[in-house]
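Each remark here refers to the structure printed beneath this line.
The values are calculated or read from the model by the stated rules, or taken from the named source; none is laboratory data. None of the values given here were measured: they were computed from a predicted structure. Cβ: placed from backbone, ideal geometry, glycine included. Neighbour counts: every protein chain shown. Just so you know, the surface numbers come from the protein's heavy atoms only, side chains and all, with ligands and any DNA or RNA stripped out. Shrake-Rupley method; radii C 1.70, N 1.55, O 1.52, S 1.80 Å.
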Protein chains: 6
Amino acid sequence: MSLAEQKRIGKIAMLYVLDEGRQESVEELGWIHCSGKVGSMESNKIVAAIETAAKKNEVINGSVYRETHALYHAIMEALHGVTRGQVQLGTVLRTVGLRFTVVRGQPYEQPEEGEWIAVALYGTIGAPVKGLEHEAIGLGINHI
Amino acid sequence: MSLAEQKRIGKIAMLYVLDEGRQESVEELGWIHCSGKVGSMESNKIVAAIETAAKKNEVINGSVYRETHALYHAIMEALHGVTRGQVQLGTVLRTVGLRFTVVRGQPYEQPEEGEWIAVALYGTIGAPVKGLEHEAIGLGINHI
Amino acid sequence: MSLAEQKRIGKIAMLYVLDEGRQESVEELGWIHCSGKVGSMESNKIVAAIETAAKKNEVINGSVYRETHALYHAIMEALHGVTRGQVQLGTVLRTVGLRFTVVRGQPYEQPEEGEWIAVALYGTIGAPVKGLEHEAIGLGINHI
Amino acid sequence: MSLAEQKRIGKIAMLYVLDEGRQESVEELGWIHCSGKVGSMESNKIVAAIETAAKKNEVINGSVYRETHALYHAIMEALHGVTRGQVQLGTVLRTVGLRFTVVRGQPYEQPEEGEWIAVALYGTIGAPVKGLEHEAIGLGINHI
Amino acid sequence: MSLAEQKRIGKIAMLYVLDEGRQESVEELGWIHCSGKVGSMESNKIVAAIETAAKKNEVINGSVYRETHALYHAIMEALHGVTRGQVQLGTVLRTVGLRFTVVRGQPYEQPEEGEWIAVALYGTIGAPVKGLEHEAIGLGINHI
Amino acid sequence: MSLAEQKRIGKIAMLYVLDEGRQESVEELGWIHCSGKVGSMESNKIVAAIETAAKKNEVINGSVYRETHALYHAIMEALHGVTRGQVQLGTVLRTVGLRFTVVRGQPYEQPEEGEWIAVALYGTIGAPVKGLEHEAIGLGINHI
């Protein structure tokens, strides 16, 4: 059940979202992945942008609910790190500009642990005024 | 008020905690920093370990309350990313093994924005059984 | 102060909402009740639908604030069970289709414990796409 | 992706926990299940009791982390319904006496939706004094 | 259903807790009240101290559950104002020193609105070190 | 690091918002302050009204992000006291009518503790129907 040192899916997804040049490590492992950018005051648009990218890039199979369900909870968990308290943006007068990465792979040495999905977010959060913002990070991990 | 590209304190702190070799970028900027490890089921021990390291390494002045207050809220925000919902560990039967980094610097171009503090956490969270765990990440940022 | 075995208002309300044929047990007790259906991405519409039904069916007296207040908190508590973390629907890109039951009665053996109100919810929660959903349940109980 | 009418895992688990005579419907479907009782002011003991019962009765394979992970999140979601706000018991001076049911089965018509797990809780919550309590219910559902 | 201007129970309870000389306004109205002090890192001890004082001073009848239930929720709501996020103290390494006031009266002009209870808290919250603290306030109101 | 008895910024801000005649104590200390009223079902409008008043009255310098950041978190903490659980208004079908006070001063005896900001809120919360409401109070304090 132990996490394989070279397959730390969370760390890999986070390094990838922090520095777009890093996607090689994901590709060397043969893992499926996608990334993108989204900025909004509406938290539902953040969720939608990540779900759409993950389906379009076939990181998840959008016609199977269990895959959507696994991704959704990973996104929500990553948003907890970004919002730190209430998963709310515009309703508490703040906005985000985020880069996101979704990675799907086998981080455990045991094959029966199967596939997991990681959602990494990095960007800024703050008032809806350019520059009145600081950085924010989130990571969500789920079995899929 | 804009974040200076080379002084992204959150990204720097996160890269540092993900890969201990990275502390050069913090030192090149002349920023104060510390790092350490802590594993516990008791969330208060996580807070105490980070506060103690930050005071001992003079990242904050422990005899000035406003510095302790700034650090405390940054720690709590970082713990939201790690715990994703309830800032609880043992009381919901889970434990963490974390590496932490605290960085204090001037991430904004304007000198009047002054100093900020970033707390980055990386490690694993899971059941109190070796291996029954996945990765977790948190970042908290505050003005100091 | 003990709950009377045959007057378990929460269990009765939950069995009622799970299976509409069950309303006899409520009626045998002579308790006031109502039920209905509501589907929405807007959490305020869920609250409004239950409040409107309870007033129209005279489960509560809408012109007395203490009754509205008791019902409101019972609804909010039931929504915690349905939403499990953040009492949000559309803002986190999810929708519900719910059946609800409101029951008002005396569940305790001692007459001085007076009347209590139970709100039971049962239905599905998920993405705003037909079928991408699983079941959800909530129960809120308050003195009235 | 639609929920099969006769295989509503959440409703089945909830009816089962509300009325112990109902386990036939689970058995007719050939689904794995277990149930038990636990009372405590310590929320971690509630989690432990459910996990232990699920492993001992082979509802999950305790040596595979993904199964433990799926069950853990289903338990936490069910506890949200019981605690309605903060997943805390003794730390906010309250205690619970709960019956629990864990059911594992295939609630969707499409075979690719695979197995899901439902945790249903029913009992009382209140002050640590006999009788100063009302009922509480929770349901958590996860893919496994 | 309107709040009577001279009977604003929340304002009266808050002025009372902020300045102990103010209890005359409560007594002029003929309302039942009590006050006290409690300091602890254990949130359950805060709840217990307020409940005990309210019972001993007959602000509530401790042998009637509906009164205990009304008071409990008012205390929990007041603690939200003091803790601002997670109703936790020692588990997140902080402590409080609080003065509390409980007032029971009829704040509405209409007699059918009956009795309500207000719990007001005022004091300091901070690190478990003398002086590393700032003020905190909370108010909870419930029908009784 | 101790709070000076006559400079209790939280108590001063709360007494000020509870009774508009009290602003003398703030002025005697030479502290900057502002106050106003706002009523809305939209929580972002509450935040905006307070921020706008604080900037217009030069309680904070709106062109320095660290000041906006300090105020924002103080507002959010005050809203926790008002909303007691979820920082939501219209989305859970409730509205507020609030008076607010923002005070900026030096509450500690030691000059190195510098300036702090307090946001005090007082008013009513309830259903979007006149009279179906009770009082609510919140206080947020931050270093600035």
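Among the residues making up the range D:103-119, those that are within 17 Å of D:Gln6 (Cβ to Cβ) and not hydrophobic (A, V, I, L, M, F, W, C) are D:Arg104, D:Gly105, D:Gln106, D:Pro107, D:Tyr108, D:Glu109, D:Gln110, D:Pro111, D:Glu113, D:Glu115. Scanning the range A:47-89 for residues that are under 28 Å from F:Arg84 (Cβ atoms) and in contact with a strand residue (DSSP E or B) (Cβ under 8 Å, 6 or more places away or on another chain) yields A:His73, A:Ile75, A:Met76, A:Glu77, A:Ala78, A:Leu79, A:His80, A:Gly81, A:Val82, A:Thr83, A:Arg84, A:Leu89. Can you tell me which residue in the range C:41-56 is surrounded by the most Cβ atoms within 10 Å (Cβ to Cβ), limited to those that are in contact (Cβ under 8 Å) with a residue 40 or more places away in the chain and away from every other protein chain (no Cβ under 11 Å)? Filtering first and then ranking leaves C:Ala54. Hey, could you check the range C:68-78 for residues that are within 16 Å of C:Ala49 (Cβ to Cβ) and facing chain D (nearest Cβ under 9 Å) and say which is surrounded by the fewest Cβ atoms within 10 Å (Cβ to Cβ)? Out of the qualifying residues, it is C:Met76. Restricting to the range B:95-122, what's the tally of residues that are more than 11 Å from the chain's Cα centre (by Cα) and more than 20 Å from A:His80 (Cβ to Cβ)? Number of matching residues: 12.
Filter the range E:109-125 down to the residues that are facing chain F (nearest Cβ under 10 Å) and open to solvent by 10 Å² or more (accessible area, probe 1.4 Å), then identify the one that is farthest from E:Val26 (Cα to Cα). Looking at the filtered set, the residue picked out is E:Thr124. Taken over the range C:57-67, the criterion of being open to solvent by less than 20 Å² (accessible area, probe 1.4 Å) and free of Cβ contacts under 8 Å to residues at least 24 places away in the same chain is satisfied by C:Val64, C:Tyr65. Do the conditions hold for B:Lys56, that is, is it more than 24 Å from A:Leu139 (Cβ to Cβ) and not aromatic (Phe, Trp, Tyr)? So B:Lys56 fits the description; yes. A:Leu98 falls short on exactly one of the conditions (1) within 14 Å of chain B (Cβ to nearest Cβ); (2) touching a residue at least 12 places away in the same chain (Cβ under 8 Å); (3) part of a helix (DSSP H, G or I), and that condition is (3). Is there a residue in the range E:26-38 that is open to solvent by 30 Å² or more (accessible area, probe 1.4 Å) and either within 14 Å of chain D (Cβ to nearest Cβ) or among the aromatic types (Phe, Trp, Tyr) (or both)? No: zero hits. When D:Val87, D:Val82, D:Val129, D:Val92 are checked against the criterion of being open to solvent by less than 10 Å² (accessible area, probe 1.4 Å), more than 19 Å from the chain's Cα centre (by Cα) and closer than 30 Å to E:Ala49 by Cβ, a single residue qualifies: D:Val92. For the range C:1-40, a residue qualifies if it is closer than 15 Å to C:Tyr122 by Cα, among the hydrophobic types (A, V, I, L, M, F, W, C) and in contact (Cβ under 8 Å) with a residue 12 or more places away in the chain, and the qualifying residues are C:Ile12, C:Ala13, C:Met14, C:Val17, C:Leu18, C:Cys34, C:Val38. B:Met1 passes every criterion in (1) at pLDDT below 95; (2) assigned to a helix (DSSP H, G or I); (3) open to solvent by less than 60 Å² (accessible area, probe 1.4 Å) apart from (2).
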